[in-house]
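Working notes, structure below.
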Amino acid sequence: MTKFRVNKTKHVDQTKTVSFNFDGKSYHGFDGDTLASALLSNGVHLVGRSFKYHRPRGIMSCGSEEPNAICQINEDTDLTEPNVRATEIELYEGLKASSQNCWPSVNFDIGGINNFISQFIPAGFYYKTFMWPKSFWKKIYEPLIRWSAGLGKSPTKPDPELYDHKHVHCDVLIIGGGISGIIASKIAAKNNLRTILIEDKNILGGSTIFQKNENYKINNKYSSEWLDDEIAELQKLDNLTIKTRTSLAAYHSYNFLLAKENISDHLPLDKKNGGIRQRLWKIRADKVLVATGAIERPLVFNNNDRPGIMLANSVKKYLDFYGVSCGFNNVIFTNNDSAYETAVSLKEKGISVEIIDIRKKSNSKIVKNAEKLGVKIYWNSTIVNTFGHRKINSIELMNLSEDGSNVVGDKNRINCDCLAVSGGWTPMVHMHTQSGGKLDFRENDQTFIPTEIDENHINVGSCNGDFELEEIINNTNKKVKNFLKVSETEFDNTSVLNSKELDKRNIWLLPNYISEGKCKSFIDFQNDSTAKDIKLALREGFKSIEHVKRYTTTGMATDQGKLSNMHALGIIADTAGVKMGTLGTTTFRPPFTPLTFGSIVGRSVGKFFDIVRKTSIHEWHSQNNAKFENVGQWKRPWYYPINDEGLHDAVQRESKAARDSAGILDASTLGKIDIQGTDASEFLNRVYTNAWSKLGIGKCRYGLMLNEDGMVYDDGVTTRLGENHYLMTTTTGGAANVLSKLEDYLQTEWPELDVYLTSVTDHYSTASICGPNSKKILTKIFPDKDFSDDAFPHMSYQNAKIDEINCRIMRISFTGELSYEINIESKYGKSLWEKCIEVGKEFKITQYGTETMHLLRAEKGFIIVGQDTDGTMTPIDLQMDWIVSKKKYDFIGKRSLYRSDTIREDRKQLVGLLTDDPNEVLEEGAQIVSDVNKKPIEMVGHVTSSYFSPNLNKSIALAVVKSGKKMNGQKLIVPMENKNINVTVSDSVFLDKENKRIYA
Amino acid sequence: MFLINCPYCGERDQSEFSCGGEAHIVRPKQPTELSDDQWAEYLFMRKNIKGVQFERWNHAHGCRKWFNMVRDTSNDKIHAVYKMGEKPPVE
């Protein structure tokens, strides 16, 4: 046992040694230790360097508020994690941890030079300094900032661990397993309410669990023993779920909460067994009880950040819970009674302790007890300086003036190896405010207290401002009874011996004889903001607390200012001469403690990141060497290379084959909406720009759908299957949105229409066969069917059968070729496809993908919504005036087509572009200009589609160009990085302007 | 994360719903009779109130029905939900 392990406790098993490594050195701790307690038991205080000045820093607390002891764990493995608080890491065999933000080592850190030039790096230094000269930015400032910024190292490889999500519902959720959380849980669970209790530590009990002395008794037992009994009873309750190692991350509205459960973080690497590391609980609770407790405040005085300066209650916990004495020559510096508990504990174990109290006197029982034990108390005194580089070795104190605004008398130096400070307590109101709760300022102890806002949410215990054992128990009992509508509980007549009093002398910034500019009185330890910085920000005109926070970075480190926010507010209020309650607080945002990315995403990684949709023919495509393209969630064949063909060669071959003989495309992904009802025709009239009433049964028609602002939204062919029955097709990516939009109009604007919409996209598979030989192929598949133009004209549909299976054949064309689409129930899709391929063999039928489809339709000047349109194109801009009905009184978007903006003649309009060099293929998205000499060069448009057409043997492109309609034949320029490409505006239909091929 | 009482399905998590903006803006019956300004009023102008607001919501991942909601945007309290076509509750 090391000399600092002075006490045996039941929470640390001193028979089980655990070895670990810190900064390359091996140490031993025990089962039940945290990394922090194990380090302290080895006398290690110095664990890191501060962010800005690289000052040596030591362990300060024992919980999630820890600002200094943040480590990199398991460095050089895939499991490495930065910014982990040593106070929260449960020690395990083989744990490897190292300090951060120091180079070359924590004992000798080059960056420490910043400490000596700190006068020249005040608040806002970066904003003020790195502004000029401009040329310094890229080569000097940015690399410098990047090198010095950040804490710790991110892992470089994918996280190998598993994470999970769980949704739960409960009647009562209790956050915090301290004494008030335990009382509340017991009352809730015993009254038949399904209750969940979550606690971030590995055991229940909060700070009462190690409070074993004569000053605090409950029903004549030591408070820790009373609580042990309560916990034992709690664990027997059926409808109570207790989750330890589970920390609340966020409290959203309507009692929706997120909590992170650590499942394997405390296990040695070889015992994790590839199981789940962390689980994110998504909890919807009927009622929420917040019992998160309070955090002890530090005090703000000169050089208050040396290793060995700790929070008083943490010193007590290390002693009474872990059995570790943080020093043998302790000094306590306090403004309230609670630090006397630490003094009594130390003294009872024979460890030297003296107290410096800024109060003039206190008459509470605990103070009397400390005096009785022989603890020396310096009343009405303050620390003006501390000494010791890597660890504190002495302090200097002076008396306070009557009003506390100054120091008087002589300096007195005391040696010490640990300084325990207490500035009172701050209720953890984070959860309350995250949920939308408001705060009241309580003057007598300078705390923000929650105001109850909601019948389904209360705060109990010290997070509600009850700091004395007696009021914690009684108030919690009373509030919980009222909240859960319970008439009596076992806690109704609890007798409590309390020895503290809520008496405190609050001085936010302690006075000093040294001038303010020369003091380093830290407020935010992790971000190195001092009282001086806050005052500077105020002098420079920052008034809002939110602005001061950002300018000085106070409260913006990984600890989110758990220890610093109150002091920053207090000093601002004092300096500006306003009441603290009127100043408000900064916003408390989730997460309360950092969450891992893994726990946020859960199982939604890799192939589970998004849904993948495949057509029924997918397997065939894979077997035939298809390269796939993502279209929305769909995987569509992009092209089918033969041997080592690239994209270009494959597409050229596929495109030529489709026009020369026959091509086949899997068109199953197009959105399909089944429309039925007596008003179906009227409905289509209202949602498409063209007229539908006169479309004969068995006929197909292309339709263009607009938004109400007149811009093209979607397009597709709709077939009239019967008098009151249509099948609408949409773009692949737009299917879901189109259905939603149509439903919206039906339900909200036109509820009188008798129309029913059903998505049938997945119900049918579609094989689209095009090319001059397509009719011959269809005739072979359907020998009984007459495919003559008279019997089966373009833009019509017929029912048919293949081997007794019903299918629909549409004669429609997106390529400009004679073309048929066969729709069949999805389960027969692959068989249909294989049959087409088999029958088509003699005509050299060629499967083609989306890239070839895009090329073929571009040769014909057919638009693709979303490629040639971008939400700012009207049908008139697309030169598709022919599809906009002049006769119809109304349709979605009609009125917008003659707004002053949409009738402008200089809008961007769709045109064709031909490059002067027929082999030059333009880049899609390239800008188009008319004059490269007049600067600034005016951009007149951009290229939307561009291909080399094997059928025309030249480059073709579609583009949108200002006033393009009137520019046919005009020369324009597409400037590229190395050259200007000369182009000529042309008609957007490049091939078969007479539409003869569809009758081939 | 709200708990929304869909008028057709009951209480469901907010993640099942999508918000469709301000409610009770009726599409003009005769758009062609309107001036540019009048049409723009319908097309573009939306209130964005801090306080009690009437909103359209869709149970997108549920029954797919649209309905209306009265919500206080300053504290996210939902005061009422009611079906399309029903009169808004008087405050």
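The values are calculated or read from the model by the stated rules, or taken from the named source; none is laboratory data. Source: prediction; values computed, not measured. Don't worry about glycine lacking a Cβ; one is built from the backbone with ideal geometry, like all the others, and counts go over all protein chains shown.
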For this session: Give just the number: which of (1) away from chain B (no Cβ under 14 Å); (2) modelled with pLDDT of 95 or more; (3) under 26 Å from A:Met428 (Cβ atoms); (4) out of contact with any Leu (no Cβ under 6 Å at 6 or more places or on another chain) does A:Asp229 not satisfy?
Result: (3)
For this session: From the list A:Asn444, A:Asn415, pick out the single residue that is loosely packed, with under 15 Cβ neighbours inside 10 Å, in contact (Cβ under 8 Å) with a residue 40 or more places away in the chain and over 43 Å from the mean Cα position of the chain (by Cα).
Result: A:Asn415
Exercise. Restricting the range B:4-17 to residues that are outside any helix (DSSP H, G or I) and without any contact (Cβ under 8 Å) to a residue 24 or more places away in the chain, which is nearest to the other protein chains (Cβ to nearest Cβ)?
Worked result: B:Asp13
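Being aromatic (Phe, Trp, Tyr), closer than 30 Å to A:Val911 by Cα and modelled with pLDDT of 95 or more, is that true of even one residue in the range A:776-790?
Going through the range A:776-790, the residues aromatic (Phe, Trp, Tyr) turn out to be A:782, A:787.
Then keep just the ones that are closer than 30 Å to A:Val911 by Cα; that gives none.
No, that holds for no residue.
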Seminar exercise, completed: Per the filter on the range A:924-966, residues surrounded by fewer than 14 Cβ atoms within 10 Å (Cβ to Cβ) and assigned to a loop (DSSP other than H, G, I, E, B) are A:Gly925, A:Asp931, A:Val932, A:Asn933, A:Lys934, A:Lys935, A:Pro936, A:Glu938, A:Asn953
Exercise. Exactly one of (1) more than 30 Å from B:Arg27 (Cα to Cα); (2) part of a loop (DSSP other than H, G, I, E, B) is unmet by A:Gly710. Its number?
Worked result: (1)
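Counting just the residues of the range B:68-91 that are touching a residue at least 40 places away in the same chain (Cβ under 8 Å) and within 9 Å of chain A (Cβ to nearest Cβ), which one comes out surrounded by the most Cβ atoms within 10 Å (Cβ to Cβ)? I'd like the intermediate steps shown before the answer.
Of the residues in the range B:68-91, the ones touching a residue at least 40 places away in the same chain (Cβ under 8 Å) are B:68-69, B:76, B:78, B:81-83, B:88.
From what's left, within 9 Å of chain A (Cβ to nearest Cβ): B:76, B:78.
On the way: B:Asp76: 14, B:Ile78: 17.
So, considering only residues that are touching a residue at least 40 places away in the same chain (Cβ under 8 Å) and within 9 Å of chain A (Cβ to nearest Cβ), the one surrounded by the most Cβ atoms within 10 Å (Cβ to Cβ) is B:Ile78.
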Problem set entry | In the range B:30-40, residue nearest to the other protein chains (Cβ to nearest Cβ) [restricted to those that are at pLDDT below 95 and not in a loop (DSSP other than H, G, I, E, B)] | B:Pro31
Exercise. What is the one condition in (1) free of Cβ contacts under 8 Å to residues at least 60 places away in the same chain; (2) closer than 26 Å to A:Lys699 by Cα; (3) not in a loop (DSSP other than H, G, I, E, B) that A:Trp833 does not satisfy?
Worked result: (1)
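When you scan the range B:18-29, do you find a residue that is closer than 15 Å to A:Asp709 by Cα, surrounded by 10 or more Cβ atoms within 10 Å (Cβ to Cβ) and either within 11 Å of chain A (Cβ to nearest Cβ) or touching a helix residue (DSSP H, G or I) at 6+ places or on another chain (Cβ under 6 Å) (or both), even just one? Give the steps one after another, and end with the answer.
Step one: filter the range B:18-29 for residues closer than 15 Å to A:Asp709 by Cα, giving B:27-28.
If we keep only those that are surrounded by 10 or more Cβ atoms within 10 Å (Cβ to Cβ) too, we end up with B:27-28.
Subsequent filtering for residues that are either within 11 Å of chain A (Cβ to nearest Cβ) or touching a helix residue (DSSP H, G or I) at 6+ places or on another chain (Cβ under 6 Å) (or both) retains B:27-28.
Yes, there is a match, as at least one residue in the range B:18-29 is closer than 15 Å to A:Asp709 by Cα, surrounded by 10 or more Cβ atoms within 10 Å (Cβ to Cβ) and either within 11 Å of chain A (Cβ to nearest Cβ) or touching a helix residue (DSSP H, G or I) at 6+ places or on another chain (Cβ under 6 Å) (or both).
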Exercise. Looking only at the range A:535-556, which residues are buried (at least 23 other Cβ atoms within 10 Å of the Cβ) and part of a loop (DSSP other than H, G, I, E, B)?
Worked result: A:Thr554, A:Gly555
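Would you mind stating whether B:Lys65 is closer than 27 Å to A:Thr758 by Cα, surrounded by 16 or more Cβ atoms within 10 Å (Cβ to Cβ) and within 11 Å of another protein chain (Cβ to nearest Cβ)?
Working: closer than 27 Å to A:Thr758 by Cα: yes; surrounded by 16 or more Cβ atoms within 10 Å (Cβ to Cβ): yes; within 11 Å of another protein chain (Cβ to nearest Cβ): yes.
Taking the combined requirement at face value, the residue satisfies it.
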Seminar exercise, completed: Only unsatisfied item for A:Asn773, checking (1) more than 26 Å from B:His61 (Cβ to Cβ); (2) within 14 Å of chain B (Cβ to nearest Cβ); (3) in contact with a helix residue (DSSP H, G or I) (Cβ under 9 Å, 6 or more places away or on another chain), is (2)
Exercise. Which of the residues spanning the range A:514-534 are in contact with a Leu (Cβ under 9 Å, 6 or more places away or on another chain), of a type in the set (D, E, K, R) and not in a strand (DSSP E or B)?
Worked result: A:Glu516
Problem set entry | Selection status of A:Asn255, within 14 Å of chain B (Cβ to nearest Cβ), touching a residue at least 12 places away in the same chain (Cβ under 8 Å) and farther than 23 Å from A:Asn202 by Cα | yes
Exercise. Do we find a residue being farther than 30 Å from A:Leu373 by Cβ, modelled with pLDDT under 85 and assigned to a helix (DSSP H, G or I) anywhere in the range A:189-201?
Worked result: no
For this session: Considering (1) modelled with pLDDT under 95; (2) surrounded by fewer than 24 Cβ atoms within 10 Å (Cβ to Cβ), say which one A:Val47 fails and leave the rest.
Result: (2)
Problem set entry | Which numbered condition A:Ala858 fails, given (1) surrounded by 18 or more Cβ atoms within 10 Å (Cβ to Cβ); (2) over 40 Å from the mean Cα position of the chain (by Cα); (3) of a type in the set (Gly, Ala, Ser); (4) not in a helix (DSSP H, G or I) | (4)
Exercise. Could you count how many residues in the range A:605-629 are without any contact (Cβ under 8 Å) to a residue 40 or more places away in the chain, under 18 Å from A:Ala767 (Cβ atoms) and within 30 Å of the chain's Cα centre (by Cα)?
Worked result: 1
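With A:Ile395, A:Ile366 as the choices, which residue is buried (at least 18 other Cβ atoms within 10 Å of the Cβ), assigned to a strand (DSSP E or B), assigned by TED's automatic domain parsing to the domain that holds A:Asp417 and touching a residue at least 40 places away in the same chain (Cβ under 8 Å)? So that I can check it myself, show each step before the final result.
Numbers: A:Ile366 fails: assigned to a strand (DSSP E or B).
On inspection, the qualifying residue turns out to be A:Ile395.
Give the residue, chosen from A:Thr15, A:Thr34, that is free of Cβ contacts under 8 Å to residues at least 60 places away in the same chain and either of a type outside the set (A, V, I, L, M, F, W, C) or out of contact with any Phe, Trp or Tyr (no Cβ under 9 Å at 6 or more places or on another chain) (or both). Please lay out each step first, then the result.
Details: A:Thr34 fails: free of Cβ contacts under 8 Å to residues at least 60 places away in the same chain.
The unique qualifying residue is A:Thr15.
Of the residues A:Ser885, A:Ser896, which is hydroxyl-bearing (Ser, Thr, Tyr) and within 10 Å of chain B (Cβ to nearest Cβ)?
Working: A:Ser885 fails: within 10 Å of chain B (Cβ to nearest Cβ).
One residue alone meets the criteria, A:Ser896.
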Problem set entry | Tabulated pairs, the range A:473-492, first assigned by TED's automatic domain parsing to the domain that holds A:Val290, second acidic (Asp, Glu), C-beta under 8 angstrom, 6+ apart or interchain | A:Asn475/A:Asp466; A:Thr476/A:Asp466; A:Asn477/A:Asp492; A:Lys481/A:Glu488
For this session: Could you please give the count of residues in the range B:41-60 that are closer than 27 Å to B:Arg12 by Cα, surrounded by fewer than 17 Cβ atoms within 10 Å (Cβ to Cβ) and within 11 Å of chain A (Cβ to nearest Cβ)?
Result: 0
Seminar exercise, completed: Flagged pairs (Cβ under 9 angstrom, 6 or more apart or on separate chains; first in the range A:274-290, more than 14 Å from every other protein chain (Cβ to nearest Cβ) and on the phi < 0 side of the Ramachandran plot; second of a type in the set (Ser, Thr, Tyr) and part of a strand (DSSP E or B)) are A:Ile276/A:Tyr163; A:Arg277/A:Tyr163; A:Gln278/A:Tyr163; A:Arg279/A:Tyr163; A:Arg279/A:Thr246; A:Val290/A:Tyr251
Exercise. So, in the range A:721-757, of the ones that are part of a strand (DSSP E or B) and within 27 Å of B:Glu22 (Cα to Cα), which residue ends up farthest from the other protein chains (Cβ to nearest Cβ)?
Worked result: A:Tyr756
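Which of the residues spanning the range A:561-576 are surrounded by fewer than 21 Cβ atoms within 10 Å (Cβ to Cβ) and either within 24 Å of the chain's Cα centre (by Cα) or at pLDDT 90 or above (or both)?
Of everything in the range A:561-576, those that are surrounded by fewer than 21 Cβ atoms within 10 Å (Cβ to Cβ) and either within 24 Å of the chain's Cα centre (by Cα) or at pLDDT 90 or above (or both) turn out to be A:Ala573, A:Asp574, A:Thr575.
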